[in-house]
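Below you'll find the structure, written out as structure tokens, and then a few comments.
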Amino acid sequence: MITEAEFNAVVPDVNWNYAKPYVPLFTEIVDKYDINTPLRQAHFLAQITHESGGFKYTKENLNYSGKALYSVFRKYFPTLDSTNNYARQPEKIANRVYANRMGNGNEGSGEGWKFRGRGLIQLTGKSNYEAFSKTANQDFISNPDLVATPEWALASACWFWKQRKINQYADADDIHMVTKRINGGFNGLEHRQHYLDEYKKLFKI
């Protein structure tokens with residue numbers, strides 16, 4: 001599907017040290033999830049390149065300041081004072097903001113942290129880890145950090161893509177809807193479009 005030389009030539013602003021482990025996995029894994037046309041693959045690669053910061057990040061960063069918590073998670077931190085015991089404490093933050101949803105237990109269960117976002121498209125919440133475990137025939141409940149390794153980081157992104165039925169929007173070359181199905185909005189759309197244009201060159205679309 002893609003070679004090291006092609007990747008370096010077409011997407012030079014991606015750090016190859018992070019991207020290299022994924023190249024031998026692309027053809028093996030992506031086709032299994034019906035991401036199997038040049039246009040689908042271009043859209044998929046554009047999105048995962050953006051979402052992972054150029055394949056750099058496979059674990060969610062929850063190291064928020066108090067001000068950022070108040071801005072991003074105001075539902076859980078309605079005042080700046082309410083962030084005092086959580087700021088710059090990623091585990092406590094995850095356990096609070098992901099408690100009692102997505103299949104997770106309460107804040108004290110620790111499942112918010114255990115099942116925080118991992119993968120090239122962040123797989124989040126116990127229910128999603130359970131569903132992906134069944135599809136992949138792997139136990140990500142006992143060992144959720146597996147989802148942050150290259151093979152499963154890529155496979156989980158493919159699984160998410162298929163679950164969200166994103167191929168139909170890739171087939172229509174609709175980056176707005178592809179992005180919305182992944183992001184819930186249009187965050188980083190210009191950057192995603194940049195990567196899409198580059199991958200289209202690679203696949204000669």
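The values are calculated or read from the model by the stated rules, or taken from the named source; none is laboratory data. Computed from a predicted structure; not experimentally measured. As a convention, Cβ positions derive from the backbone with ideal geometry for all residues, glycine included, and neighbour counts pool all protein chains shown. Protein only, heavy atoms only, side chains kept; ligands, DNA and RNA dropped before computing areas. Shrake-Rupley method; radii C 1.70, N 1.55, O 1.52, S 1.80 Å.
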Subset of region 92-102, residues out of contact with any Gly (no Cβ under 6 Å at 6 or more places or on another chain) and either within 28 Å of Q47 (Cβ to Cβ) or surrounded by 18 or more Cβ atoms within 10 Å (Cβ to Cβ) (or both), comes to I93, R96, V97, R101
Could you check, for region 42-65, whether at least one of its residues is more than 19 Å from R118 (Cα to Cα) and either within 20 Å of the chain's Cα centre (by Cα) or aromatic (F, W, Y) (or both)? yes
Of all helices (runs of 4 or more DSSP H) completely enclosed by region 1-99, which ones contain at least 3 residues that are among the β-branched types (V, I, T)? 23-30
First in region 124-152 and over 25 Å from A99 (Cβ atoms) and in contact (Cβ under 8 Å) with a residue 24 or more places away in the chain, second anywhere and of a type in the set (F, W, Y) and in a helix (DSSP H, G or I), Cβ under 7 Å, 6 or more apart: T135/W159; P150/Y22
Of all residues being open to solvent by 10 Å² or more (accessible area, probe 1.4 Å) and among the small types (G, A, S) in region 103-122, which is farthest from L154 (Cα to Cα)? Just the residue, please. G108
Y195 is checked against (1) open to solvent by 80 Å² or more (accessible area, probe 1.4 Å); (2) among the hydroxyl-bearing types (S, T, Y); (3) part of a helix (DSSP H, G or I) and fails just one. What number does that condition carry? (1)
Given the criterion open to solvent by 10 Å² or more (accessible area, probe 1.4 Å), modelled with pLDDT of 95 or more, hydroxyl-bearing (S, T, Y) and outside any helix (DSSP H, G or I), identify the matching residue among S127, S133, S142. S142
Which pairs turn up if I take residues in region 56-67 that are without any contact (Cβ under 8 Å) to a residue 40 or more places away in the chain and look for partners that are open to solvent by less than 50 Å² (accessible area, probe 1.4 Å) with beta carbon separation below 7 Å, at least 6 apart in sequence or on another chain? N63/P90; Y64/A87; Y64/I93; S65/A87; G66/T83; G66/A87
How many residues, within region 103-123, are within 29 Å of H43 (Cα to Cα) and either without any contact (Cβ under 8 Å) to a residue 24 or more places away in the chain or of a type in the set (D, E) (or both)? 0
Apart from one, (1) in a helix (DSSP H, G or I); (2) in contact with an Asp or Glu (Cβ under 6 Å, 6 or more places away or on another chain) all hold for G105; the odd one out is (1)
Residues that are in contact with a Leu (Cβ under 7 Å, 6 or more places away or on another chain) and under 13 Å from E60 (Cβ atoms), drawn from region 130-149: V147
Which residue pairs have Cβ atoms under 8 Å apart, sit 6 or more places apart or on different chains, and have a first residue in region 69-80 that is of a type in the set (S, T, Y) and a second that is in a loop (DSSP other than H, G, I, E, B) and at pLDDT 95 or above? Y70/F77; Y70/T79; Y70/L80
Any hit, region 63-78, residues being of a type outside the set (S, T, Y) and within 20 Å of L202 (Cα to Cα): no
